[in-house]
Amino acid sequence: MSSTLTPVPVEQTETAQQPHRVQSGLLDPKLIVAALPDACKKLDPRVMIKNPVMFVVEVGSVVTTIDAIAKPSVFAWAITVWLWLTVIFANLAEAVAEGRGKAQADTLRRTKTETMARRLVDWPASQNEEEVAGTELRLGDHVVIEAGQIIPGDGDVVEGVASVDESAITGESAPVIRESGGDRSAVTGGTKVLSDRIVVKIASEPGKSFIDRMIALVEGASRQKTPNEIALNILLASLTIVFLVTVAALQPMAAFAGAPQTLIVLVSLVVALIPTTIGALLSAIGIAGMDRLVQRNVLAMSGRAVEAAGDVNTLLLDKTGTITLGNRQAAEFLPAQGVDTGELADAAQLSSLADETPEGRSIVVLAKTEYGLRARAQGELEHATWVPFTAQTRMSGVDLDEADGVHQVRKGAAGSITRWVTENGGTVGADVAELVDGISAAGGTPLVVASKIGNAPARALGVIYLKDVVKEGMKERFDELRRMGIKTIMITGDNPLTAKAIAEEAGVDDFLAEATPEDKMALIKKEQEGGKLVAMTGDGTNDAPALAQADVGVAMNTGTMAAKEAGNMVDLDSNPTKLIEIVEIGKQLLITRGALTTFSIANDVAKYFAIIPAMFASVYPGLGHLNIMALHSPKSAITSAIIFNALVIIGLIPLALRGVKYRPSDASSLLRRNIGIYGIGGLIVPFIGIKLIDLIVQFIPGLR
Amino acid sequence: MSSTLAGWLQALALVGALALCYRPLGDYIAKLLTTTKHLAAERGLYKVIGVDGDADQRWPSYLRSLLAFSAVSVLFLYLLQRVQSHLMLSLGFKAVNPHGAWNTAISFVTNTNWQDYSGEATMGHVVQMVGLTVQNFLSAAVGIAVVATLIRGFTRSKTDRVGNFWVDITRISFRLLLPVSIVLALVLVANGAIQNFHGFHELSTLTGDSQSIPGGPVASQEVIKELGTNGGGFFNANSAHPFENPTGFTNWLEIFLLLVISFSLPRTFGKMVGDNRQGYAIVSVMASFWVASAALMTFFETHPAGVALKAAGGAMEGKEVRFGLWGTSLFATSTTLTSTGAVNGMHDSLTPGGGGVAMFDMMLGEIAPGGTGSGLYGMLILAIVAVFVAGLMVGRTPEYLGKKLGGREMKFASLYILTTPLIVLIGTGVAMALGGERANMLNTGAHGFSEVLYAFTSAANNNGSAFAGITVTSPWWDTALGLAMVFGRFLPIVFVLALAGSLAQQQPVPATKGTLPTHKPLFVGLLSGVVLIVVGLTYFPALALGPIAEGLH
């Protein structure tokens, strides 16, 4: 069985059962005020040039400012002020988005207090220690940490086991166990050892630790434009060029018509036409997308990974913890012929009292809930000899020294119990064998219960049906994914029969049974060869190659350093179900970009109807018919268009930050809905907005 | 039969005939572009020109072949005009002046066929046949070859080869354009178009004046003029001339010819990408623009403003009585929506609305259905822009026919949609800013401006029709419009080929339910909207000062 099947604590899986919708975050007005200084700092042309659309607006603002100083008028100053506001609003959007990340970064930075490390020289040959600063630790150093001390750097536990408080990075107050070997060996610098003593091999260079990277990520310091953002920027830049030329070429045409335009009007027309709305909000959308992941305790190592998540075609999901609850549970007691169910339940319970495995506990729970058998404490039963499970016997049970002789109760795999019964002079009936086969065929695990009283021959009492319990709501979740065009593949170490039964019950599209890490890798490669993008979760070191190969590899925070390095996202909650949410966030990010681009371009139609008649109705009165909004005067019309253009940026900041509403559905219905809202809406809204602004602006002297 | 009924019948017959040809012609072109078999004659030709007919080229190599071929064509056509006086059948015409010859050479090689000359007063039969008519075939073939590479970009994967230019152009010329032209030239001759090597006949008219009647190999040039969406007339009057376009039937046939290849190419596209529904979606967009434009144009021409025109029952000025309002409106719509530019009436005499429609048709980028090949590649580029924006709105990296539209693809698509508007607007702006050039304008006000705007729109979009009204034979106009034609033709071709190369290298992404469907009515509507908005936003201010100002009172 693949080692990825790490049991997930029950309390986490329960929260994961609730289908999460991508929710909105609220825009705090305080954030806007706090972001204002940053927004003004971004007016530096060296910063602005990175955003060609808004850079054009800034240059336009400078031009109108000079013009307004040279030839002051109310109109010139009104336009100038609103153009500057347009630029500032755009910067504000970005600053607010960054501000939210900065707040998180500050919290993280507090964990980065200077720690002293106890470095082991020549470990494991000697136990000699030396005290060094945490920052002096290098890759491959060994350090020892004892209860109450802070772990000085990222690494893997190589000796010992300890409980660690990781609340600094995960926000989860319950301590976690970290132990050498296995898949729970990774520790993070800045977290605190609560008990015991561990030796950790340092796995990161100073300044490149996990926390350092987290800080850089949430602050947006290492933010690079994603491929899709670049493509959109190219389109926006080319639209900007077209409109610049359109307006530049308009002046000689206007002069010929006898209506040469002022610089203020020409700049206004350019700004109204170029896609300022999306240009202003584009980077904020990207930052906010990363931020939404951070809010869900997922760290994406790059924006590229978030985008790829939206494109995923195939999800590889580990069965255990993702699709089913962590462990098999007893579902039913099936008695052998001539045995009372109560008797079977009683025996089953007895044999499981000392069984501390989740399966064992679930038998006790079932006996209590279904058959009313009170769980007996171990000490309650005198003369009881507990027979623990061993790999040799593959059975567990109890021997009770009763008056009528020794009562022996055993439960275990069918083969082992059959052997035990036969050895003790009994036979296992064909009916029991049938029950066993039936359960196996249904994908469950049969445990046979047998007993022997005194010197009487042993007899099989019946079978306990252990089954994997599919988490609630998973079937609906997979249906949604299917509607989104995403194929789900369940990965399990179970045999094909069991895997098939669970796959059918859970409603996944496909499954990979008896999966080894190599099988997983081969599956990913096969899907990718067909041009598909694959997402998976993993935590073990042997998952690392597959995590690196997958387009979206989400490493569990509980996993090894190797896994975390290989994946391009880390889930701090270590909840594999979150992969589905990550896909939704990726999609939402792209949809928000597309929706605002559509909105921005559609807005231009109304602006033309405001500005063109204002420019030329004096020479061609017929063009006055285009003033369908009945705007008050040329000056009020142009001012209103520019004010609308600026206000719409502010109005859309919340949308840009929280993303547009996303419901999992197929492409056609998504498109229909978004074209309806942002395309048609984008055509209509500015007509109303500009008219409303004009109703106010027309009373300002100088704009009438 | 009332003229309205006749008009309806013409239009419906046209739609019916085009629909009938859609599948067979489209499939036939797809086959000739994809088959690996060479005809014996073709193999011989490849041997002579030293081309390996089985080896495909990378896109830069394809582009180099195309540009070199076009450059040689321009040079040849230029020299032919310059030495005209030494050629046989020159009818005594002198050599064409240098700037005129350069303008004409470029015009015919770029499939524009803008004519700053009057055919019967400038060109001898050899120049018309060996020079101009040959380019009518080749420039049309080049357009189809370019769209073939773009389609191959979609169909091929993980390759840098987009086809073989020499093979493409040979097959398109010899398997498609030539056979159709030969058959239909005979039909035109049978209906009264002329085909001879005569010079001028001096005749006395009824009123006693003398008239000079020209002869020439007209029908052979006429067919390819329409079929290859060229538009350069043998005579100055173009398809209004009775020797080029004698009857109402030939008029209908010529409209059919100039539309038929471009309207069938979407089928070729659908066939080659293995999904005919994709072809239907594209042709639906083309057809809806054509229908809307034809309806608007006909409406404007049959409902003119002004007492005199109303009394005449329509704007008959500049129109041929034998074609009528409907026949002229259909022709004008079709010639401006393709890159043909042939005219059977004076576009300058169209009503302001009709003239505006003609101009807007060209501004759309001639994509409905557009020039041979160029119409489809123009439409596919707009489809890519539409898919990009819409694809984002469905939450995936946009992909068209399985190919992802990333930065590289959007760069070439954006450059493509930038090019023509920039040429038109900068050209018009410069012309209006230069006082001396404006002096060549015969009209003032909004109409005078429309004429200049029309000229640059026509040249940059490689249409070739004219509003006239300006004297364009001056060195400045010849040079400026020549440059507009060269850049308007070859820059977009560079971008299309680069895009084709980029697409061909990609591995296709399988379509899922999350993929934006590009064959459904929703996408047809979306693409139409993108076409309208992109074009409308770009040209609206200029149009407002021209036809809109003229039309709104």
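The values are calculated or read from the model by the stated rules, or taken from the named source; none is laboratory data. Predicted, not measured: the structure shown is a model, and the values here were computed from it. Cβ coordinates were reconstructed from backbone atoms using ideal geometry, including for glycine residues, and neighbour counts include every protein chain displayed.
Scanning the stretch B:319-335 for residues that are in a helix (DSSP H, G or I) and aromatic (Phe, Trp, Tyr), we see that the one that is nearest to B:PHE289 (Cα to Cα) is B:PHE331.
Residues in the stretch A:581-609 that are charged (D, E, K, R) and either within 7 Å of chain B (Cβ to nearest Cβ) or at positive phi (or both): how many? Going through the stretch A:581-609 one residue at a time, the tally reaches 3.
May I ask you to say which residue of A:ASP543, A:ASP551, A:ASP539 is within 14 Å of chain B (Cβ to nearest Cβ), crowded, with 19+ Cβ neighbours inside 10 Å and not β-branched (Val, Ile, Thr)? Testing whether each residue is within 14 Å of chain B (Cβ to nearest Cβ), crowded, with 19+ Cβ neighbours inside 10 Å and not β-branched (Val, Ile, Thr) leaves just A:ASP551. From the list B:ASN238, B:ASN230, B:ASN164, B:ASN191, the one residue that fits, being crowded, with 18+ Cβ neighbours inside 10 Å, touching a residue at least 24 places away in the same chain (Cβ under 8 Å) and in contact with a helix residue (DSSP H, G or I) (Cβ under 6 Å, 6 or more places away or on another chain), is B:ASN230. Taking the criterion of being basic (Lys, Arg), within 14 Å of chain B (Cβ to nearest Cβ) and part of a helix (DSSP H, G or I), the residues of the stretch A:661-704 that qualify are A:ARG672, A:ARG673. Name the single residue, out of those in the stretch A:216-241 being surrounded by fewer than 20 Cβ atoms within 10 Å (Cβ to Cβ) and β-branched (Val, Ile, Thr), that is farthest from the chain's Cα centre (by Cα). Among those that are surrounded by fewer than 20 Cβ atoms within 10 Å (Cβ to Cβ) and β-branched (Val, Ile, Thr), it is A:ILE241. Somewhere in the stretch B:438-460, is a residue more than 25 Å from A:VAL242 (Cα to Cα) and crowded, with 21+ Cβ neighbours inside 10 Å? Within the stretch B:438-460, none of the residues are more than 25 Å from A:VAL242 (Cα to Cα) and crowded, with 21+ Cβ neighbours inside 10 Å. State yes or no: is A:ARG213 surrounded by fewer than 20 Cβ atoms within 10 Å (Cβ to Cβ) and more than 30 Å from B:TYR539 (Cβ to Cβ)? Judged against the criteria, A:ARG213 is a match.
Is one or more of the residues making up the stretch A:640-655 within 9 Å of chain B (Cβ to nearest Cβ) and more than 24 Å from B:GLY529 (Cβ to Cβ)? Looking for residues that are within 9 Å of chain B (Cβ to nearest Cβ) and more than 24 Å from B:GLY529 (Cβ to Cβ), one finds none in the stretch A:640-655, hence no. Pairs meeting the criteria (first residue in the stretch B:534-553 and facing chain A (nearest Cβ under 7 Å) and more than 21 Å from A:LEU683 (Cα to Cα), second residue of a type in the set (S, T, N, Q) and surrounded by 24 or more Cβ atoms within 10 Å (Cβ to Cβ), beta carbons under 7 Å, at least 6 apart or on different chains) are B:ALA542/B:THR428. Filtering the stretch A:118-136 to residues that are in contact with a Ser or Thr (Cβ under 9 Å, 6 or more places away or on another chain) and either over 19 Å from A:GLU205 (Cβ atoms) or crowded, with 16+ Cβ neighbours inside 10 Å (or both) leaves A:LEU120, A:GLY134.
Of all the listed residues (A:PRO496, A:PRO446), the sole one being touching a helix residue (DSSP H, G or I) at 6+ places or on another chain (Cβ under 8 Å) and without any contact (Cβ under 8 Å) to a residue 40 or more places away in the chain is A:PRO446. Filtered by the rule that a residue be of a type in the set (Val, Ile, Thr), part of a helix (DSSP H, G or I) and facing chain A (nearest Cβ under 8 Å), the stretch B:514-533 gives a lone residue, B:ILE533. What do you reckon, is A:VAL605 modelled with pLDDT under 90, out of contact with any His (no Cβ under 7 Å at 6 or more places or on another chain) and hydrophobic (A, V, I, L, M, F, W, C)? Judged against the criteria, A:VAL605 is not a match.
Within the bounds of the stretch A:193-210, is there any residue that is more than 14 Å from chain B (Cβ to nearest Cβ), within 20 Å of the chain's Cα centre (by Cα) and either charged (D, E, K, R) or in a strand (DSSP E or B) (or both)? Scanning the stretch A:193-210, I find no residue that is more than 14 Å from chain B (Cβ to nearest Cβ), within 20 Å of the chain's Cα centre (by Cα) and either charged (D, E, K, R) or in a strand (DSSP E or B) (or both), so the answer is no. Among the conditions (1) touching a helix residue (DSSP H, G or I) at 6+ places or on another chain (Cβ under 9 Å); (2) crowded, with 23+ Cβ neighbours inside 10 Å; (3) outside any loop (DSSP other than H, G, I, E, B); (4) away from chain B (no Cβ under 14 Å), A:GLY189 misses just one, which is (3). Considering A:ALA610, A:ALA646, A:ALA667, the condition of being under 30 Å from B:GLY546 (Cα atoms) and either modelled with pLDDT of 95 or more or surrounded by 17 or more Cβ atoms within 10 Å (Cβ to Cβ) (or both) is satisfied by A:ALA610 alone. Of the set (1) more than 23 Å from A:GLY454 (Cβ to Cβ); (2) modelled with pLDDT under 85; (3) of a type outside the set (Lys, Arg), all apply to A:GLY405 but (1). When each of B:ALA460, B:ALA511, B:ALA455 is tested for being on the phi < 0 side of the Ramachandran plot, more than 10 Å from chain A (Cβ to nearest Cβ) and in contact with a strand residue (DSSP E or B) (Cβ under 9 Å, 6 or more places away or on another chain), the lone residue that passes is B:ALA455. The stretch A:240-343 holds helices (runs of 4 or more DSSP H) entirely within its bounds, and those carrying 1 or more residues that are farther than 30 Å from A:ALA68 by Cα, more than 10 Å from every other protein chain (Cβ to nearest Cβ) and in contact (Cβ under 8 Å) with a residue 12 or more places away in the chain map to A:276-295, A:303-311. Contact annotation: residue pairs with Cβ atoms under 9 Å, 6 or more positions apart or on different chains, pairing a residue in the stretch A:634-645 that is free of Cβ contacts under 8 Å to residues at least 40 places away in the same chain with a partner that is assigned to a helix (DSSP H, G or I), are A:PRO634/A:VAL265; A:PRO634/A:ILE611; A:PRO634/A:PRO613; A:PRO634/A:ALA614; A:PRO634/A:MET615.
Quick check on the stretch B:411-433. Is at least one of its residues out of contact with any strand residue (DSSP E or B) (no Cβ under 7 Å at 6 or more places or on another chain), more than 30 Å from B:LEU552 (Cα to Cα), aliphatic (A, V, I, L, M) and outside any loop (DSSP other than H, G, I, E, B)? Scanning the stretch B:411-433 turns up at least one residue that is out of contact with any strand residue (DSSP E or B) (no Cβ under 7 Å at 6 or more places or on another chain), more than 30 Å from B:LEU552 (Cα to Cα), aliphatic (A, V, I, L, M) and outside any loop (DSSP other than H, G, I, E, B). If I go through the stretch A:556-583 residue by residue, how many of them are small (Gly, Ala, Ser), outside any loop (DSSP other than H, G, I, E, B) and crowded, with 24+ Cβ neighbours inside 10 Å? Total meeting the criteria: 1.
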